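Here's the structure we're looking at; comments come further down.
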Amino acid sequence: MYSETSPTPPATRAPQPVFALPCGMELRPWREADAPVLVEAYEDPGIRHWNRPEPETPESAVARIRRWDLRRQAGKAAVWALADPGPAPAVGLVGLGDIDVSGGSAEFLYWLLPRGRGRGATVQGVRAVSRWAFDGLGLHRLRICHSVANPASCAVAVRAGFPLEGTMRGALHHADGWHDEHLHARLATDPETA
């Protein structure tokens, strides 16, 4: 784990890595050309409901992509686009928010547009980013939180090796009201999942 005297670990100061996934897709840095995908994601009812993104225009999406890179360089977050290799546009997102290097923790965020589903890419992406966070950032604990009414996110968490630790009552406000949330977590010392 990095100390307070080293607020940004080398892994966040280096260029953002690209991870090839077993399903044939990859995690790569977001590109400004991906801005329409963020607009599309906001318009998808499921992504909008479970992830609560802010409304996007092409201009605000470009600004968000730039902010993500600045937050990565500052060691606060690391967000990847999930896409087929090459110039293909993104179809999803896997990332870490709330990176606390001195506290050794971070929280996952992920979503996938319908056209990217069915290949196991989100689970594989969470596993790849977990390895990077544990090995590259020296983090100790990673968590995934999701509404108890979102079984798809629960399945991703469990299949990626994040056991359910408990339920947080009334923890997140969605458009339809307050939701209880499941809390899943993985420690750097946990065995790798198959």
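Taking all protein chains as shown and a probe of 1.4 angstrom, Met168 keeps an accessible surface of around 60 Å². If you wrap the Cα atoms of the stretch 65-194 in a convex hull and average its projected area over all directions, you get 8.9 nm².
Over the stretch 145-194, what number does the Rg to Rh ratio reach, with both radii from the alpha-carbon atoms and Rh per Kirkwood? Write out the running numbers ahead of the final one.
Values: Rg = 12.0 Å, Rh = 11.5 Å.
Rounded to two decimals, Rg over Rh is 1.04.
Only protein atoms count toward the accessible area here, which uses a 1.4 Å probe; on the chain, the carbon and sulfur part of that area reaches 56 percent.
In terms of overall dimensions, the C-alpha atoms belonging to the stretch 8-129 reach 37, 32, 27 Å along their principal axes, ordered largest to smallest.
Loop-located trypsin sites (Lys or Arg not before Pro) across the stretch 93-149 with a Cβ neighbour count of 14 or fewer within 10 Å are Arg117, with loop assigned by DSSP. Separation of the stretch 92-113 and the stretch 148-165, taken as the distance between their Cα centroids, equals 15 angstrom.
What relative contact order, as a whole-number percentage, does the chain give when Cα pairs under 8 Å and 6 or more residues apart are counted? Can you show the working numbers first?
Details: 361 pairs, mean separation 37.8, N = 194.
The normalised contact order for the chain reaches 19 percent.
Suppose only helical runs count, i.e. DSSP H with n ≥ 4. What mean residue ellipticity at 222 nm does that imply for the chain under -39500 (n - 2.57) per run, divided by all residues and rounded to the nearest 500 deg cm²/dmol?
Values: 6 runs with 61 residues, N = 194.
Theoretical 222 nm ellipticity from helices: -9500 deg cm²/dmol.
The values are calculated or read from the model by the stated rules, or taken from the named source; none is laboratory data. On a predicted model such as this, the values are computed, not experimentally measured, just so you know. Note: ideal-geometry Cβ built from the backbone for every residue, glycine included; neighbour counts use all protein chains shown. Calculation scope for accessible area: heavy atoms of the full protein, side chains included, ligands and nucleic acids excluded. Shrake-Rupley method; radii C 1.70, N 1.55, O 1.52, S 1.80 Å.
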